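Have a look at the structure below, then the notes.
The values are calculated or read from the model by the stated rules, or taken from the named source; none is laboratory data. In this text the structure is predicted, and so the values were computed from the model without any measurement. Because the Cβ atoms are built from the backbone with ideal geometry, glycine has one as well, and the counts that use them run over all protein chains shown.
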Amino acid sequence: MALWGGRFSQAADQRFKYFNDSLRFDYRLAEQDIVGSIGWSKALVTVSVLSVDEQKRLEIALNELLISVQNDPQQILQSDAEDIHSWVEQRLIEKVGDLGKKLHTGRSRNDQVATDLKLWCKTEVMTLITAITHLQQQLVNTAEKYQDAVMPGYTHLQRAQPVTFAHWCLAYFEMLTRDKSRLHDALVRFDVSPLGSGALAGTAYPIDRDELAKNLGFTRATNNSLDSVSDRDHVMELLSIASISMNHLSRFAEDLIIFNSGEANFVELSDRVTSGSSLMPQKKNPDALELIRGKSGRVIGALTGAMMTFKGLPLAYNKDMQEDKEGLFDALDTWHDCLNMAALVLEDIKINYPRCLEAAKQGYSNATELADYLVAKGVPFREAHHIVGEVVVAAIAKQKALEELTLDEFKLFSSVIKQDVYDILSIESCLNKRSAKGGVSPKQVSAAIVNAKNCIKN
Ligand code: ARG
């Protein structure tokens, strides 16, 4: 039976019921609904709606229910209850009889669902932080292993300057650090309890809402009941954080897909995270990475969907808001899976050292060094840039790398070039020179690895 049968003389059309019910997805809020209900039952004692003994009986029954749903969450799906709140109340009444009917005094499903979802978001944030840290750990491990793996760095997907695979790994480490810090920031805002806001105007019982909030693990209660039941900022905020992070993961995936291509051949992905073609026996496709890249679209879609759903809603609760959950659950599950999959891809990735080095040497990625060399010899940078451009054109015509040009060939472009030019054109010199903070010099990268390890510990 629905929670609201009294006013109705006709049963709901089955098609409407299916359309309206949310149990098939909000069953995931079962634990939060039960914990919130225990908190509410305690508050009801303080306003003499429940006796201490009644509250104890309710709490025992709710705890039994909690254990039961923890062991078997799917049991909930067998019921035809409208939503998780109705389901918990029905089970409670089955267990303790009429006493169970007292629990909803002074409470509405509007403040209830807002509280449940916020509690769920708080727990989920902690799980996501753990998953991000795991991927960060994997990035640091990979960086540590491949500090000496020189490869080309790109701008415009044109070889630009040499970098190392370790430096590349640590770039993604930084992005994930920011994602994590966004989650921590969000937690501060999520720490406010809507319970006791009633349907929209506040509860009619003089409950100490701050005390209730603290019992539920929040820092305090919300300030305005209309806002409390209408606020889904936490949904949009988590979806925003997820979307930004999926952008990072998508770029990570795209980089590795390029590195793994036959053309680049910089890395080899493990058989464990690739799949074959049904037709072409030679193929080993980077499916894990392609799916990470592909799934970013769906997470960003969920954010857009939520924004659209909420943007025109009048205060306070509207049933449109029930649409918040499926997108959120799916997006966060997807993000979580992608974090884990990215970590798995790194677990036994192999770097093709000779090929990476060869590619780093090609493409005139030491041209900037030559310009800097000229600058050191007193040539103004703009002029040096122009001279090196001409040297590169000549080298391309001769099909030579810069360091393969003879001194006489160099001198045609600038008389200041001497034998010592060859030292600065070496890959080692290109790397070593970039020793300012954040640069690719081996010293900086190994310091960055130490910092990254500390950052994970804290
Ligand atoms: N299933 C609903 C939701 O997810 C719960 C709140 C229902 N409130 C109401 N006034 N009908 O939003």
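Across the range 123-157, the number of residues qualifying as acidic (Asp, Glu), part of a helix (DSSP H, G or I) and closer than 30 Å to LYS361 by Cβ comes to 1. Name every residue in the range 417-455 that is crowded, with 16+ Cβ neighbours inside 10 Å and among the β-branched types (Val, Ile, Thr), in order of residue number. Within the range 417-455, ILE417, VAL421, ILE424, ILE427, VAL440, VAL445, ILE449 qualify.
The condition (being over 27 Å from ALA331 (Cβ atoms) and part of a loop (DSSP other than H, G, I, E, B)) is satisfied by just one residue among ALA166, ALA160, ALA199: ALA199. For the range 9-31, the criterion of being more than 13 Å from the ligand (Cβ to nearest atom), within 25 Å of SER193 (Cα to Cα) and surrounded by fewer than 21 Cβ atoms within 10 Å (Cβ to Cβ) is met by at least one residue. Going through (1) free of Cβ contacts under 8 Å to residues at least 60 places away in the same chain; (2) more than 16 Å from the ligand (Cβ to nearest atom); (3) buried (at least 17 other Cβ atoms within 10 Å of the Cβ) one by one, TYR172 falls short only on (1). For the range 107-115, does any single residue satisfy the condition of being within 30 Å of VAL235 (Cβ to Cβ), crowded, with 23+ Cβ neighbours inside 10 Å, in contact with a strand residue (DSSP E or B) (Cβ under 7 Å, 6 or more places away or on another chain) and in contact (Cβ under 8 Å) with a residue 12 or more places away in the chain? Yes, there is a match, as at least one residue in the range 107-115 is within 30 Å of VAL235 (Cβ to Cβ), crowded, with 23+ Cβ neighbours inside 10 Å, in contact with a strand residue (DSSP E or B) (Cβ under 7 Å, 6 or more places away or on another chain) and in contact (Cβ under 8 Å) with a residue 12 or more places away in the chain.
Considered as a group, the residues in the range 202-231 that are in a loop (DSSP other than H, G, I, E, B) and closer than 12 Å to ALA316 by Cβ include one that is farthest from the ligand (Cβ to nearest atom), and that residue is ASN224. If you filter the range 402-416 down to residues that are of a type in the set (A, V, I, L, M) and not in a loop (DSSP other than H, G, I, E, B), you find that the one that is surrounded by the fewest Cβ atoms within 10 Å (Cβ to Cβ) is LEU407.
Filtered by the rule that a residue be away from the ligand (no atom under 16 Å from the Cβ), under 27 Å from the mean Cα position of the chain (by Cα) and under 30 Å from GLU89 (Cβ atoms), the range 102-154 gives LYS122, THR123, GLU124, VAL125, MET126, THR127. Annotation for the range 178-193: no member residue is under 23 Å from GLY106 (Cβ atoms) and over 29 Å from the mean Cα position of the chain (by Cα). Among the residues of the range 64-73, is there at least one that is more than 16 Å from the ligand (Cβ to nearest atom) and assigned to a loop (DSSP other than H, G, I, E, B)? Looking through the range 64-73, at least one residue is more than 16 Å from the ligand (Cβ to nearest atom) and assigned to a loop (DSSP other than H, G, I, E, B).
Please find, within the range 138-157, the residue that is nearest to SER261 (Cα to Cα) out of those that are of a type outside the set (Ser, Thr, Tyr) and out of contact with any helix residue (DSSP H, G or I) (no Cβ under 6 Å at 6 or more places or on another chain). Going through the qualifying residues, I end up with LEU157. Applying the set (1) modelled with pLDDT under 95; (2) charged (D, E, K, R); (3) within 20 Å of GLU144 (Cα to Cα) to LYS433 leaves exactly one unmet item: (3).
Among the helices (runs of 4 or more DSSP H) confined to the range 259-366, the ones with at least 3 residues that are under 29 Å from the mean Cα position of the chain (by Cα), away from the ligand (no atom under 16 Å from the Cβ) and crowded, with 19+ Cβ neighbours inside 10 Å are located at 287-311, 324-347. Considered as a group, the residues in the range 83-101 that are in a helix (DSSP H, G or I) and within 15 Å of the ligand (Cβ to nearest atom) include one that is farthest from LEU195 (Cα to Cα), and that residue is GLN90. Just one of the listed residues (SER79, SER51) is among the small types (Gly, Ala, Ser) and more than 16 Å from the ligand (Cβ to nearest atom), namely SER51.
Touching a Ser or Thr at 6+ places or on another chain (Cβ under 6 Å), among the hydrophobic types (A, V, I, L, M, F, W, C) and touching a residue at least 24 places away in the same chain (Cβ under 8 Å): does that describe LEU431? Walk me through it before giving the result.
On the way: touching a Ser or Thr at 6+ places or on another chain (Cβ under 6 Å): yes; among the hydrophobic types (A, V, I, L, M, F, W, C): yes; touching a residue at least 24 places away in the same chain (Cβ under 8 Å): yes.
Yes, satisfied.
Taken over the range 132-166, the criterion of being among the polar types (S, T, N, Q) and touching a residue at least 60 places away in the same chain (Cβ under 8 Å) is satisfied by THR133, GLN136, GLN137, GLN138, ASN141, THR142, GLN147, GLN158, GLN161, THR164. You will find that of LEU58, LEU3, the residue that is in contact with a Ser or Thr (Cβ under 7 Å, 6 or more places away or on another chain), crowded, with 17+ Cβ neighbours inside 10 Å and not hydroxyl-bearing (Ser, Thr, Tyr) is LEU58 and no other.
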